[in-house]
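Data block below; observations after.
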Amino acid sequence: MLFRARLGAFLTFALAGLLTGVWVARMPALAGKFGTSESEIGIVVLIWGLGAIVAMQGLRAVISRAGSRAVLRVALPLTALSYVGVALAPTYGLLLVAVALFGMTFGITDIAMNAQGSVVEQAYRRPIMSGMHAGWCVGAMSGGLFGVVTAAAGLGFTATVLTAAVLALPAGLALGRTYLADPAAPAGAGTGRRARRMPVAVYLIGVLAFIAFMTEGSIADWSGLLLHDELGATQAVAALGYPMFELAMLFGRLVGDRVRTRLGTRRLLAGAGIGTALGMTLVVLAPTAPVAIGGFFVTGLVVCTVVPTTISLAGTAAPGRPAAAVAQVGAMGYGGLLLGPVVVGFLSDATSLRVGVGVVVVLALLIAAGAKYVPLGTGADVASVASRPEPASATTAATTAEPPTPETAEPEPAAA
């Protein structure tokens, strides 16, 4: 049934978010376990991100041929197993190897779960991707809370991550039964080099994803330092910046699909860009920490819809190859996630932290400007199909997982 597939996809996002949340929350414990410096921990994070990007790009064709359901059924349990390697690594060198494997399996899972979300979204014939990504927020916040509880209980990095992996493995296996089959590739799609080439629209969507991920990564890595170093907040208060941003992201994503249906994709992206610029302007010009934290909340509330929307567009950008298109856009997005904090760091060293973080305002305005050019195809935008009924038989749609017919479905982007 469609509801079971939607719930399964939501829980998959939540499980992936939980693993990430635990990993981030216990990073200080990881540093303590190996006695590493901040730069060495930075290398660990970099290796993880590079592993994800390499897997996304290198296995794009494999994922396209196998489909999101088959790949996700293997990749999600493998991610839990690779998490065990991270937990049990006895030396820093072996930790880097384990983290690279974790990044690769996680990157494949990330592609496949977004592609599966696109399959479910197309079966529903209306936007639901933002709600899927709300699952990520729920999982990340739960993982962070799990990290706090285990730290308070005196558990170290190894015990905490190993516990999370042991819980995630059976959950990942069970979720495999809920996924929908990918739509069949259109007749005559071909298998040659030309057929494997992504449409230009995929790369245009990827640029928007790159900017959006760059924005989120910059806020995640620099919000605490801005509050502490520039606004004189205590470490406890400074630590509130990112959780408030994530909480707002969760709230925004829970209603993001309805807002997109009401406004349409272009207006949603333009509004998100302008709203993010205003929220981050408030942060940069804030006289006190509470005002800046309020700015982070406003920013999270509006920027949260950009990444799900780009993934949604990517899922229909290459007919018959949604997983490959999502892989390309996801890899470009992860590039922005890695580059954003670096750019802010260089600008902060050259000027000030306020100016460095202020680059997010510029990025947000680029999102707003790019909304005008994002490929939506020749049909009407999603807002024009808001009142159309869902499939008469959800069970049939879930069983066959065929894409909606042009007469009843929300139009898919032709080049997007």
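Figures for the structure shown
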| quantity | calculated |
| --- | --- |
| Residue in the range 303-323 that is farthest from the chain's Cα centre (by Cα), counting only those that are over 20 Å from ALA70 (Cβ atoms) and in a helix (DSSP H, G or I) | LEU313 |
| Checking ALA184 against (1) in contact (Cβ under 8 Å) with a residue 24 or more places away in the chain; (2) of a type in the set (Gly, Ala, Ser); (3) surrounded by 16 or more Cβ atoms within 10 Å (Cβ to Cβ), the condition it does not meet | (3) |
| Condition broken by VAL138, with the remaining ones in (1) closer than 22 Å to TYR242 by Cα; (2) surrounded by fewer than 24 Cβ atoms within 10 Å (Cβ to Cβ); (3) out of contact with any Leu (no Cβ under 7 Å at 6 or more places or on another chain); (4) of a type in the set (A, V, I, L, M, F, W, C) satisfied | (3) |
| Residue match in the range 149-169 (condition: surrounded by fewer than 19 Cβ atoms within 10 Å (Cβ to Cβ) and on the phi > 0 side of the Ramachandran plot) | yes |
| Flag if ALA5 is at pLDDT 85 or above, open to solvent by less than 30 Å² (accessible area, probe 1.4 Å) and assigned to a helix (DSSP H, G or I) | yes |
| Single match in ILE63, ILE43 (criterion: out of contact with any strand residue (DSSP E or B) (no Cβ under 9 Å at 6 or more places or on another chain), open to solvent by 60 Å² or more (accessible area, probe 1.4 Å) and at pLDDT below 90) | ILE43 |
| Residues being buried (at least 17 other Cβ atoms within 10 Å of the Cβ), of a type in the set (Gly, Ala, Ser), free of Cβ contacts under 8 Å to residues at least 60 places away in the same chain and not in a loop (DSSP other than H, G, I, E, B) - total across the range 71-98 | 4 |
| Among the candidates ALA318, ALA277, ALA272, residue that is open to solvent by less than 30 Å² (accessible area, probe 1.4 Å) and more than 22 Å from LEU337 (Cα to Cα) | ALA318 |
| Matching entry among VAL326, VAL342 (being part of a helix (DSSP H, G or I), open to solvent by 20 Å² or more (accessible area, probe 1.4 Å) and modelled with pLDDT under 85) | VAL342 |
| Breaking point among (1) modelled with pLDDT of 85 or more; (2) open to solvent by 30 Å² or more (accessible area, probe 1.4 Å), for LEU225 | (1) |
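The values are calculated or read from the model by the stated rules, or taken from the named source; none is laboratory data. Because the structure is predicted, anything quoted here is derived from the model rather than measured. Neighbour counts are summed over all protein chains in view; Cβ atoms, including those assigned to glycine, are modelled from backbone coordinates with ideal geometry. Surface accessibility is based on the protein's heavy atoms, side chains included, excluding ligands, DNA and RNA. Shrake-Rupley method; radii C 1.70, N 1.55, O 1.52, S 1.80 Å.
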